[in-house]
Amino acid sequence: MATNDCIFCKIVKGEIPNQTVLEDENFLAFNDINPARKIHVLVIPKEHYDSFDVIPPKIMGNMTAFIQKVASKLGIKEDGYRLITNIGQHGGQEVPHLHFHILAGEYAGRLTGEQLK
Ligand code: AMP
């Protein structure tokens, strides 16, 4: 998808508002608009990558460190959290700009979403 049409690129550019949790030069963490748990934060790279499947491993390393900082800021490290990224159609990805979901603040459950048959 062209980045001009991407809603998360629009959030990065400030064209769509967001509730920022943490930001640095390369990454942004913000509250999910439709939270699935008490705490539901999305973490994105500011640069557009369609999904985890195409992010360069070196950038993913930096993103890992950023996600760990977000978890510290949210105060969820002791109780734990679920980290999810959906990839493509079968992964259930709706927004084609790489994002990790941080679900926390209560037990995430054995699986999220529909049960497998
Ligand atoms: P996924 O199904 O993994 O692509 O998840 C996309 C997520 O983006 C969903 O949890 C949506 O609630 C969330 N979302 C969509 N638009 C916005 C927005 N403008 N601000 C915050 N979260 C959003």
Checklist entry - Between residues in the stretch 53-81 that are touching a residue at least 24 places away in the same chain (Cβ under 8 Å) and residues that are open to solvent by less than 100 Å² (accessible area, probe 1.4 Å) and assigned to a helix (DSSP H, G or I), which pairs lie under 8 Å by C-beta distance while being six or more apart or on different chains? => result ASP53/GLY88; ILE55/MET63; TYR81/ALA71; TYR81/LEU74
Next on the checklist: Cβ contacts < 8 Å: first residue under 18 Å from SER72 (Cβ atoms) and in contact (Cβ under 8 Å) with a residue 12 or more places away in the chain, restricted to the stretch 5-24; second residue away from the ligand (no atom under 12 Å from the Cβ) and open to solvent by 60 Å² or more (accessible area, probe 1.4 Å), any location; separation 6+ or different chain. Result?
Outcome noted: VAL21/LYS73; LEU22/LYS69; LEU22/LYS73
Next on the checklist: For ASP50, only one of the following conditions fails: (1) within 10 Å of the ligand (Cβ to nearest atom); (2) open to solvent by 60 Å² or more (accessible area, probe 1.4 Å); (3) of a type in the set (D, E, K, R); (4) touching a Leu at 6+ places or on another chain (Cβ under 9 Å). What is its number?
Outcome noted: (1)
Item to check | Residues (more than 7 Å from the ligand (Cβ to nearest atom), surrounded by 15 or more Cβ atoms within 10 Å (Cβ to Cβ) and in contact (Cβ under 8 Å) with a residue 60 or more places away in the chain) located in the stretch 82-109 | outcome: PRO96, HIS97, ILE102, LEU103, ALA104, GLY105, ALA108
Checklist outcome for this item: Of the residues in the stretch 53-73, those that are surrounded by 14 or more Cβ atoms within 10 Å (Cβ to Cβ) and either within 16 Å of the ligand (Cβ to nearest atom) or of a type in the set (Lys, Arg) (or both) number 5
Next on the checklist: Looking only at the stretch 1-28, count every residue that is within 21 Å of ALA108 (Cβ to Cβ) and more than 11 Å from the ligand (Cβ to nearest atom) and tell me the total.
Outcome noted: 2
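The values are calculated or read from the model by the stated rules, or taken from the named source; none is laboratory data. The shown structure was predicted, so the numbers you read here are calculated from the model rather than taken from an experiment. Glycine also receives a Cβ, built like all others from the backbone with ideal geometry; neighbour counts cover every protein chain displayed. Please note that ligands, DNA and RNA were not included when accessible areas were found on the heavy atoms of the full protein model with its side chains. Shrake-Rupley method; radii C 1.70, N 1.55, O 1.52, S 1.80 Å.
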